[in-house]
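Below: the structure, in structure tokens.
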Amino acid sequence: MIDRQRVSPLYLQIKKQIIAGIESHKYPEGSQIPSEGELEQKYGVSRITVRRAVSELVTENFLVKKQGRGTYVQQPRMVRNLLSLDSYTHYRESLGERPERHVVKNEIVMADSRIAEELGVAEGAEVFTLGRVMLLSPGNSGYEESIYSVDLFPQLNQLVNDDSSMTKLLKERYGATMGKDRNMINVVSAPTEIAELINVGVSEPVYQVDKTTFSNTGSRLYHSTMFYDARKVSFVVEN
């Protein structure tokens with residue numbers, strides 16, 4: 001029910017209740033949700049409030065409007081195999097879709113103790129930090145921040161743009177051959193910066209996937225941290 005004493009706006013409370021209904025399968029994927037008029041009566045709010053809640057859920061890919069038929073629960077979540085988190089470019093192309101990404105961070109920094117350990121470099125060594133927002137599916141974006149040793153990949157920061165496939169660039173320009181990955185997944189509260197980049201609320205749950213990629217000879221190539229909206233992405237474990 002709606003709590004009018006709460007600070008949270010009414011439309012946001014309605015959004016969360018509809019999302020809870022989707023996640024509990026009260027509204028299964030592909031099913032029709034109540035009409036705006038029915039929601040208006042159920043929650044005792046104005047049509048404008050209901051319309052804003054529904055409109056935002058459509059924008060965020062939870063719901064889809066079908067002309068003359070009503071509003072339905074959107075398609076299933078994006079599913080990725082945790083044991084084979086292939087490159088973003090390969091993932092999108094495997095779906096028959098063009099990769100869409102945008103570089104939001106491109107900077108050279110000094111490695112702190114954590115980065116030094118992840119990359120196997122000396123603390124204080126120069127590293128290249130690359131941050132990109134990546135479209136996963138309509139209304140669903142992820143953020144990836146990758147770190148590369150400047151000694152291992154000199155001038156890499158000057159070669160990167162929105163169209164760059166990093167796997168292809170590292171292989172063709174530097175002769176790097178990818179071997180195994182080490183992945184660690186956690187659910188964390190979205191930091192403000194990440195929330196804004198992938199369009200989730202601050203402190204809402206997101207998947208944080210830390211990945212260290214090794215060469216075919218076992219040396220460390222780079223480390224990346226990826227953030228996904230936990231409401232829109234599922235991971236499976238398949239050998």
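The values are calculated or read from the model by the stated rules, or taken from the named source; none is laboratory data. On a predicted model such as this, the values are computed, not experimentally measured, just so you know. Please note: Cβ atoms are built from the backbone with ideal geometry, for glycine as well, and neighbour counts cover all protein chains shown. Heavy atoms of the whole protein, side chains included, go into the accessibility calculation; ligands, DNA and RNA do not. Shrake-Rupley method; radii C 1.70, N 1.55, O 1.52, S 1.80 Å.
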Net charge contributed by nearby residues that have their C-beta within less than 12 Å of residue 214 (K/R +1, D/E -1): +2
Lysines whose Cα lies under 25 Å from that of residue 171, excluding same-chain neighbours fewer than 8 positions away: 105, 180, 211
Estimated FRET transfer efficiency when R0 is 41 angstrom, pair residue 236-residue 5 (beta carbons, to 0.05): 0.50
Residue 217 versus residue 172: modelled label distance in nm, points set 7 Å from Cα along the beta carbon direction: 2.4
Probe 1.4 Å, protein heavy atoms only - accessible area per residue of the stretch 1-122 in square angstrom: 60
Coarse-grained scattering of the chain at q = 0.10 Å⁻¹, given as base-10 log I(q)/I(0) from a Debye sum over alpha-carbon atoms: -0.57
Spin-label model distance (nm) - residue 163 vs residue 113, 7 Å beyond Cα toward Cβ: 4.4
Residues residue 104 and residue 24, FRET efficiency given R0 of 30 Å [Cβ-Cβ distance, rounded to 0.05]: 0.30
Computed [θ] at 222 nm, helices only, for the chain once each DSSP H run of length n ≥ 4 contributes -39500 (n - 2.57): -8000 deg cm²/dmol
Computed FRET value (nearest 0.05) for residue 42 with residue 188, which takes r as the C-beta separation and R₀ as 45 Å: 0.85
Label point distance in nm, residue 31-residue 180, each placed 7 Å from Cα along Cα→Cβ: 4.4
